[in-house]
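Each remark here refers to the structure printed beneath this line.
The values are calculated or read from the model by the stated rules, or taken from the named source; none is laboratory data. Remember, predicted model here, so these are calculated numbers, not experimental data. Here the Cβ positions follow ideal geometry from the backbone for every residue, glycine too, while neighbour counts run over all protein chains shown. Note: accessible area is taken over every heavy atom of the protein model, side chains too, but ligands, DNA and RNA are not part of it. Shrake-Rupley method; radii C 1.70, N 1.55, O 1.52, S 1.80 Å.
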Amino acid sequence: MLAPAQADAQAKENSRWAMLGFLSLAIVLSMTTWFSATAIISELRAVWSLDDASIAWLTNAVQIGFVVGALCASIFNLPDIIAPRTLMSVSAVLAAAANLGLLIAPNAEAAMFLRFVTGLALAGVYPPALKLISTWFVQGRGLALGCVIAALTLGSAFPHLLRALTSNLNWKLVVCSTSAMTVIGAALMARF
């Protein structure tokens with residue numbers, strides 16, 4: 001039988017690891033919008049008559065948006081001003097909406113802007129998650145951060161798996177699915 005103080009410490013420890021699991025799942029789901037357009041680039045090439053330079057910019061726009069978003073969040077100290085669950089969940093919903101915008105984008109330039117906004121929004125998900133995990137885990141921080149980084153990697157690669165499994169279906173399914181997963185991730189972040 002554990003003493004009350006030991007039982008309380010064990011409960012806190014278990015709670016931290018459970019929250020890491022929920023947060024990692026939410027990140028996997030939310031980061032699916034990162035490469036969603038890249039996974040369907042051959043279809044988008046046909047839809048908007050993209051040349052090689054446009055394809056590169058469509059992919060780079062997300063990364064540029066992420067860098068701009070991360071810099072702005074740092075400059076304005078957003079992760080310290082806005083509650084992490086709010087910042088992360090609202091950012092994930094914005095990323096999902098920008099991703100869905102690909103379905104109605106009239107041309108490549110509009111799609112590039114939407115991809116930029118997607119990256120901008122994802123900067124409100126991933127860096128705050130790293131900060132949050134760093135504060136929760138003094139002991140086991142390396143493992144916890146590794147879990148979050150693995151979640152990013154898995155989530156950002158997921159659209160390629162989804163496309164491989166649905167290659168004979170309409171490309172819009174990838175966009176809708178990744179946006180839906182991102183909204184589910186936002187709900188997990190808001191709830192837990």
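Across segment 86-97, rounded Karplus estimates of 3J(HN,Hα) from the backbone phi angles (6.51 cos²θ - 1.76 cosθ + 1.60, θ = phi - 60°) give 6, 4, 5, 6, 5, 4, 5, 5, 4, 4, 5, 5 Hz, Gly and Pro being marked x.
For VAL68 and GLU109, a Förster radius of 25 Å and the Cβ-Cβ distance give a FRET efficiency of 0.90, rounded to the nearest 0.05.
Solvent-accessible area per residue in segment 69-153 equals 47 Å², computed with a 1.4 angstrom probe and all protein chains kept. In segment 118-157, which residues have a backbone nitrogen under 12 Å from the label point lying 7 Å from TRP17's Cα in the Cα-to-Cβ direction? Answer for segment 118-157: 140, 144. Each label was represented as a point 7 Å from its Cα along the Cα-to-Cβ direction; for HIS160 and ALA53 these points are 2.7 nm apart. As a length-normalised measure over Cα pairs under 8 Å and 6 or more apart, the relative contact order of the chain settles at 41 percent.
Please give, to one decimal in nm, the separation of the simple spin-label points placed at ILE149 and ALA5, each 7 Å out from Cα toward the Cβ. Using points 7 Å along Cα→Cβ, the separation is 3.6 nm. Here the chain has 71 percent of its accessible surface on carbon and sulfur atoms, given a 1.4 Å probe and all protein chains in place.
Taking each residue as 0.36 nm, the span from LEU130 to ILE75 lengthens on full extension beyond its C-alpha to C-alpha distance by 18.1 nm.
Of THR135, THR38, the order by accessible heavy-atom surface (1.4 Å probe, DNA, RNA and ligands excluded), from most exposed downward, is THR135, THR38.
Computed 3J(HN,Hα) for segment 169-181, one whole-Hz value per residue from the Karplus formula 6.51 cos²θ - 1.76 cosθ + 1.60 where θ = phi - 60°, is 9, 4, 4, 5, 4, 5, 4, 5, 5, 5, 5, 5, 4, glycine and proline marked x. With Rg/Rh (Cα atoms, Kirkwood Rh) as the read-out, I listed [x] 1.21; [y] 1.05; [z] 0.97; which label goes with the value calculated from this structure? The calculated read-out lines up with [y]. Computed from phi, the 3J(HN,Hα) profile of segment 16-25 under the Karplus parametrisation 6.51, -1.76, 1.60 (θ = phi - 60°) reads 4, 5, 5, 5, 4, x, 5, 5, 4, 4 Hz, with x in place of Gly and Pro.
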